[in-house]
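**Q** The structure follows.
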Amino acid sequence: MSMEDPAPAALRGRVAVTGGSGGIGTEICRALEERGWRTYALDRVPGDGAGEFIECDLLDGASVERAVASVYAELDTPVFLVTAAGIVEDDVAAEELDIELVDRVMGVNFRGVFLANQAFGRELIARGGGAIVNIASMSGNHVVNSPQRQCIYNASKAAVTALTKSLAVEWGPRGVRVNALSPGYIDTPLNGLKARMHAEWNAGTVLGRMGTPLEAAHAVEFLLSERSGYFVGAELLMDGGFSLR
Ligand SMILES: NC(=O)c1ccc[n+]([C@@H]2O[C@H](COP(=O)([O-])OP(=O)(O)OC[C@H]3O[C@@H](n4cnc5c(N)ncnc54)[C@H](O)[C@@H]3O)[C@@H](O)[C@H]2O)c1
């Protein structure tokens with residue numbers, strides 16, 4: 001067996017990806033499927049067909065529970081989790097932010113991440129373990145984006161890394177490794193509306209470019225696999241050096 005391919009495809013497992021219809025989530029599903037994983041794209045809306053679509057609204061706990069039941073309906077083998085759903089809607093001055101917007105952003109980016117971790121983590125613990133990867137952001141602990149004003153988004157991502165560490169400590173001894181991936185600017189629809197900013201973002205990195213969804217997918221696969229077996233509660237920062245400048 002080569003270093004490139006440490007396990008036969010049949011041994012790779014099943015994984016649910018929230019936000020599986022989004023820019024990064026779709027690529028995670030596609031890339032993992034290609035490497036022998038079976039993936040479930042959990043999202044409010046169907047995507048381009050990478051992974052098996054399961055309708056799931058992270059603002060609704062019952063919907064998350066239905067998604068869990070659905071992935072375990074046919075097979076009892078553990079289903080790993082990647083939380084890639086997220087929204088950025090708070091480009092508003094902090095002193096003018098509407099509290100409903102605060103609740104919505106925190107509702108998807110933090111409460112929804114917790115609900116998914118809780119529901120899928122419970123099943124992993126019951127089946128002897130697995131791995132969870134939460135997609136946070138460099139905006140959580142490393143930079144404050146500007147000129148866009150997104151204090152709640154940033155706070156929600158810091159909360160995701162704090163949650164990741166706490167769950168890692170609670171669940172690690174029971175076989176569930178929980179880690180976070182913090183991307184910098186990745187070229188996806190989430191950033192599409194801000195195309196005018198791309199030149200500035202490119203220049204802000206060491207590499208002179210945004211990251212690709214595939215690069216994020218590769219990092220996710222590493223954190224899901226046994227190759228990252230000693231990573232527990234870690235935050236892997238992949239930002240092309242943006243936070244160094
Ligand atoms: N694109 C970037 O530059 C970047 C950088 C750092 C972190 N991230 C994070 O990566 C993750 C994926 O970002 P992306 O660029 O793919 O965004 P995206 O907008 O392309 O995809 C997000 C997906 O989340 C889904 N979603 C939104 N609300 C939902 C809900 N209530 N229930 C279920 N699904 C819901 C959307 O339908 C969409 O398919 C997000 O958490 C984002 O914060 C992105």
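The values are calculated or read from the model by the stated rules, or taken from the named source; none is laboratory data. None of these values were measured; they are calculated from a predicted model. Cβ: placed from backbone, ideal geometry, glycine included. Neighbour counts: every protein chain shown. The area values use the complete protein model at the heavy-atom level, side chains included, leaving out ligands, DNA and RNA. Shrake-Rupley method; radii C 1.70, N 1.55, O 1.52, S 1.80 Å.
**Q** Going by what's in this entry, would VAL178 be described as of a type in the set (Val, Ile, Thr), in a loop (DSSP other than H, G, I, E, B) and out of contact with any Pro (no Cβ under 9 Å at 6 or more places or on another chain)?
**A** Here the answer is no, as VAL178 does not meet what is asked.
**Q** Also, I was wondering about something else. Among the candidates SER70, SER63, single out the residue that is polar (S, T, N, Q) and either near the ligand (Cβ under 9 Å from one of its atoms) or under 27 Å from ASN145 (Cα atoms) (or both).
**A** None of the other options fit; the residue is SER63.
**Q** A follow-up question, please. Check off (1) under 24 Å from PRO147 (Cβ atoms); (2) touching a residue at least 24 places away in the same chain (Cβ under 8 Å); (3) within 12 Å of the ligand (Cβ to nearest atom) for ALA217 and give me the number that stays unchecked.
**A** Answer for ALA217: the failing condition is (1).
**Q** Now, a different point. Give me a count of the residues in the range 104-124 that are aromatic (Phe, Trp, Tyr) and within 11 Å of the ligand (Cβ to nearest atom).
**A** Selection size over the range 104-124: 1.
**Q** Can you tell me which residues in the range 84-112 are within 30 Å of TYR230 (Cα to Cα) and either modelled with pLDDT under 95 or outside any helix (DSSP H, G or I) (or both)?
**A** ALA84, ALA85, GLY86
**Q** How many residues are in a helix (DSSP H, G or I), in contact with a strand residue (DSSP E or B) (Cβ under 9 Å, 6 or more places away or on another chain) and either polar (S, T, N, Q) or over 25 Å from THR77 (Cβ atoms) (or both) when one looks only at the range 113-159?
**A** 6
**Q** If you take the residues in the range 183-199 that are out of contact with any Pro (no Cβ under 9 Å at 6 or more places or on another chain) and charged (D, E, K, R), which one is nearest to the ligand (Cβ to nearest atom)?
**A** Filtering first and then ranking leaves LYS194.
**Q** Looking only at the range 168-182, count every residue that is touching a residue at least 12 places away in the same chain (Cβ under 8 Å), open to solvent by 10 Å² or more (accessible area, probe 1.4 Å) and either within 10 Å of the ligand (Cβ to nearest atom) or of a type outside the set (Phe, Trp, Tyr) (or both) and tell me the total.
**A** So the count comes out to 5.
**Q** Between GLY204, GLY229, GLY140, which is open to solvent by 10 Å² or more (accessible area, probe 1.4 Å), on the phi < 0 side of the Ramachandran plot and either touching a Cys at 6+ places or on another chain (Cβ under 7 Å) or more than 16 Å from the ligand (Cβ to nearest atom) (or both)?
**A** Result of the check over GLY204, GLY229, GLY140: GLY229.
**Q** Could you please find all residues in the range 9-31 being over 18 Å from GLY211 (Cα atoms), open to solvent by less than 30 Å² (accessible area, probe 1.4 Å) and more than 14 Å from the chain's Cα centre (by Cα)?
**A** Matches in the range 9-31: GLY13, ARG14.
**Q** Let me spell it out: the conditions are (1) over 15 Å from the mean Cα position of the chain (by Cα); (2) within 20 Å of ASP239 (Cβ to Cβ); (3) hydrophobic (A, V, I, L, M, F, W, C), and ALA168 meets all of them except one. Which number is the exception?
**A** (2)
**Q** Go through the range 78-95 and give me each residue that's more than 16 Å from the ligand (Cβ to nearest atom) and more than 22 Å from ALA217 (Cβ to Cβ).
**A** VAL92, ALA93, ALA94, GLU95
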